[in-house]
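The values are calculated or read from the model by the stated rules, or taken from the named source; none is laboratory data. Since this is a predicted model, take the numbers as computed values, not measurements. Reconstructed Cβ throughout: ideal geometry from the backbone, glycine too, with neighbour counts over all protein chains shown.
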Amino acid sequence: MATFSVGFLGCKVSHTDAHDVRERLLHDGHFEHDGPADVAVVNTCCVTNEAVAKSRKEAARAARTHGRVYVTGCGANLAADAFAGLPHNVIVVARRSEETPAFVAGDIGAIGCVQADARLDRVRAFVKVQDGCSFSCNFCVIPLVRGGSRSRVAEAVLAEIRRRVGQGHREVVLTGINLGCYRDRAAGYDLPRLVREAGATPGLARLRLSSIEINHVDEKLVSALRETPTVSRHLHVPLQSGDDGVLRAMARRYTAATYLRRLEPLRDEFNLTADVIVGFPTEDERAFDHTLRVVERAGLTKIHVFPYSPRPGTVTAEQDAVPPQVKKERGARLRAASDAACLARWRTKLGADDTVLVDRPGRGYGDDYSPWLVAPAAPIGELVRVRGAAVSEEGILAA
Ligand code: SF4
């Protein structure tokens, strides 16, 4: 038997991929260990140059404290050479996510099923329902490293949710690279039907979507989100830019007006958050101002800001016209707008009640994924009723 640790960099899909490896190793009889161990698995990210550099650093760090390090995930698939020159105990696994757990487990050697029901995360479970993307945005490397869109069978997804709830998870996050592409044609499922049925899982307190493209926010999905009582009042909808010229150059499949129109029915009820790329090669000051305006008009709160970083193999791989200082300055302006919008939303909760899922000592998230600061002794993994007493830069203080 081996001791192991598993870490990840990047998005929620990277998280679920890392989780799949953990589960497979536990299933095979290996033991998870926080400190130095026989094996480390580092599931990497390649969304920017910085993400690859961080992934390399993490692999190098793990190589000092572990007997063997498996470098998996998007970074390993896109840029295996970025991990060249690391110590000999680092093994780069450039394989699809579906094949990676079995490969790592096979390399370590199976022991026997002793911990198949181990609970890996006490609070929320990320359940991957779809992987890959067939949209081909001009800046994005994900289709190259993850392949085209494919979905899991609905019954397998629903069975996993029942199992996670049985393990004690209160919240389930449906996760995918392009979640709205979810289809189980043979069984007649699309994402709205999956949301309704997943949300009705006995014992589940809260269901969230990791992220959804605006193209998929249609009447059917909006109804499913609204009419499923367990669905969290939060939706993350990548914007990337609020300027039609930039959206076209990115090969995104919508205009700023479409983005605004499709979010309108959710605006009052849901906390809307987004990703935005700043400093795309064709983004000038006017285009950036359009983005700021759409962020405000859509009622977006938290913005995940990504300075544009050319990725190898993409259409815009050779383009990077906006100077780093300008990207930095636009990023700061967007973050300031995001911070102000978050504070404004949090202030609406003063004197109001909410239910918080406590996920760390003294912290958790309300029904719309706003952050709350609760009593340090609040039980982790449980839902607690709170009332907003004050607002700080980190979230809403519970009375
Ligand atoms: S929708 Fe575009 S940005 Fe998102 S994963 Fe697919 S290609 Fe990349």
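Observations, loosely collected:
- Of the numbered criteria (1) among the hydrophobic types (A, V, I, L, M, F, W, C); (2) under 28 Å from residue 382 (Cα atoms); (3) assigned to a loop (DSSP other than H, G, I, E, B), the one residue 280 fails is (2).
- Criterion: assigned by TED's automatic domain parsing to the domain that holds residue 227, of a type in the set (Val, Ile, Thr), crowded, with 18+ Cβ neighbours inside 10 Å and away from the ligand (no atom under 14 Å from the Cβ) - qualifying residue of 145, 165, 141: 165
Conditions tested, residue by residue: (1) more than 22 Å from the chain's Cα centre (by Cα); (2) in a helix (DSSP H, G or I); (3) aliphatic (A, V, I, L, M).
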{"position": "10", "(1), (2), (3)": "no, no, no"}
{"position": "13", "(1), (2), (3)": "no, yes, yes"}
{"position": "19", "(1), (2), (3)": "no, yes, no"}
{"position": "22", "(1), (2), (3)": "no, yes, no"}
{"position": "41", "(1), (2), (3)": "no, no, yes"}
{"position": "50", "(1), (2), (3)": "no, yes, no"}
{"position": "101", "(1), (2), (3)": "no, yes, no"}
{"position": "107", "(1), (2), (3)": "yes, yes, no"}
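- Screening region 168-181 for residues that are under 10 Å from residue 125 (Cα atoms) and in a loop (DSSP other than H, G, I, E, B) and picking the one that is nearest to the ligand (Cβ to nearest atom) gives 169.
Let's see how each residue does on (1) of a type in the set (S, T, N, Q); (2) within 17 Å of residue 285 (Cβ to Cβ); (3) in a loop (DSSP other than H, G, I, E, B):
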site	(1), (2), (3)
315	no, no, yes
331	no, yes, no
335	no, no, no
339	no, no, no
342	no, no, no
345	no, no, no
356	no, no, no
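- Any hit, region 152-162, residues being at negative phi and assigned to a strand (DSSP E or B): no
- When the residues of region 197-220 are filtered to those that are assigned to a loop (DSSP other than H, G, I, E, B) and touching a strand residue (DSSP E or B) at 6+ places or on another chain (Cβ under 9 Å), the one that is farthest from the ligand (Cβ to nearest atom) is 205.
- In summary, residue 194 fulfils each of the numbered conditions (1) in contact with a Phe, Trp or Tyr (Cβ under 9 Å, 6 or more places away or on another chain); (2) assigned by TED's automatic domain parsing to the domain that holds residue 151; (3) within 13 Å of the ligand (Cβ to nearest atom) with the single exception of condition (3).
- Any hit, region 235-249, residues being surrounded by fewer than 16 Cβ atoms within 10 Å (Cβ to Cβ), within 16 Å of the ligand (Cβ to nearest atom) and farther than 15 Å from residue 274 by Cβ: yes
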